[in-house]
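Scroll down for the structure; my scribbles are underneath it.
The values are calculated or read from the model by the stated rules, or taken from the named source; none is laboratory data. This is a predicted model, so every value here is computed, not measured. Cβ: placed from backbone, ideal geometry, glycine included. Neighbour counts: every protein chain shown.
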Amino acid sequence: MNDLYARPEPSRSEIDAMPGNLLIEFGTPWCGHCIAAQPLLASVLAGYPDLRHIRIEDGPGRALGRSFRVKLWPTLVLMAHGQEVARLVRPASLQDIRAAIGRLIGPG
């Protein structure tokens, strides 16, 4: 699990060109929903050590979040070879996160 927000954040074209499977987590370090989701994400991602995880700090005027139409935090976008496969907004359970990742790469 990646505990740091990407600095600088990648561009949309860089994200779209990334090979393989990718989990993009949009949020902020002060968002209560984002903070509450961290233990859930850490628990699930421990079972997927090869899944690339990028945390993006989002907010007004942030181009990458706008390109993905992010409206609420955290928003998890799961991508395979530059294509969105699944999206999860404000995940509240381990099962929700596992199901989204399962749509991307199968059971962990």
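Screening residue 92 against (1) over 13 Å from the mean Cα position of the chain (by Cα); (2) at pLDDT 95 or above; (3) small (Gly, Ala, Ser) leaves a single unmet condition, (2).
Taking the conditions exactly as written (more than 18 Å from residue 2 (Cβ to Cβ) and polar (S, T, N, Q)), does residue 93 satisfy them or not? Yes: the conditions hold for residue 93.
Could you go through segment 24-35 and let me know if any residue there is in a helix (DSSP H, G or I) and touching a residue at least 12 places away in the same chain (Cβ under 8 Å). Reasoning before the result, please.
Our first condition is that a residue be in a helix (DSSP H, G or I); within segment 24-35, this holds for 32-35.
In the following step, the residues that additionally are touching a residue at least 12 places away in the same chain (Cβ under 8 Å) were identified as 33-34.
Yes, segment 24-35 contains at least one residue that is in a helix (DSSP H, G or I) and touching a residue at least 12 places away in the same chain (Cβ under 8 Å).
Looking across segment 49-58, the residues that are surrounded by 14 or more Cβ atoms within 10 Å (Cβ to Cβ) and part of a loop (DSSP other than H, G, I, E, B) come down to 51, 58. Being touching a residue at least 12 places away in the same chain (Cβ under 8 Å) and in a loop (DSSP other than H, G, I, E, B): is that true of residue 16 here? For residue 16, the condition - touching a residue at least 12 places away in the same chain (Cβ under 8 Å) and in a loop (DSSP other than H, G, I, E, B) - is not met.
The set of residues in segment 82-108 that are among the small types (Gly, Ala, Ser) and over 11 Å from residue 22 (Cβ atoms) comprises 86, 92, 93, 99, 100, 102, 106, 108. Taken over segment 65-84, the criterion of being surrounded by fewer than 16 Cβ atoms within 10 Å (Cβ to Cβ), assigned to a loop (DSSP other than H, G, I, E, B) and either free of Cβ contacts under 8 Å to residues at least 40 places away in the same chain or on the phi < 0 side of the Ramachandran plot (or both) is satisfied by 69, 71, 72. Do any residues in segment 42-64 that are touching a residue at least 40 places away in the same chain (Cβ under 8 Å) and closer than 17 Å to residue 105 by Cα have Cβ atoms under 6 Å from those of residues that are part of a helix (DSSP H, G or I) and basic (Lys, Arg), where the two are at least six apart or on different chains, and which pairs are they? Listed by first residue and then by second, the contacts come to 44/98. Of everything in segment 29-48 that is under 12 Å from the mean Cα position of the chain (by Cα) and surrounded by 17 or more Cβ atoms within 10 Å (Cβ to Cβ), the residue that is nearest to residue 95 (Cα to Cα) is 41.
I'm checking my understanding of the structure. Among residues of segment 85-98 that are in contact with a strand residue (DSSP E or B) (Cβ under 9 Å, 6 or more places away or on another chain) and touching a residue at least 12 places away in the same chain (Cβ under 8 Å), which one is nearest to residue 44 (Cα to Cα)? Working first, answer last.
Step one: filter segment 85-98 for residues in contact with a strand residue (DSSP E or B) (Cβ under 9 Å, 6 or more places away or on another chain), giving 85-91, 96-97.
Remaining after also requiring touching a residue at least 12 places away in the same chain (Cβ under 8 Å): 85-91, 97.
Details: 85: 18, 86: 16, 87: 16, 88: 14, 89: 16, 90: 15, 91: 12, 97: 7 Å.
For segment 85-98, the residue satisfying everything is 97.
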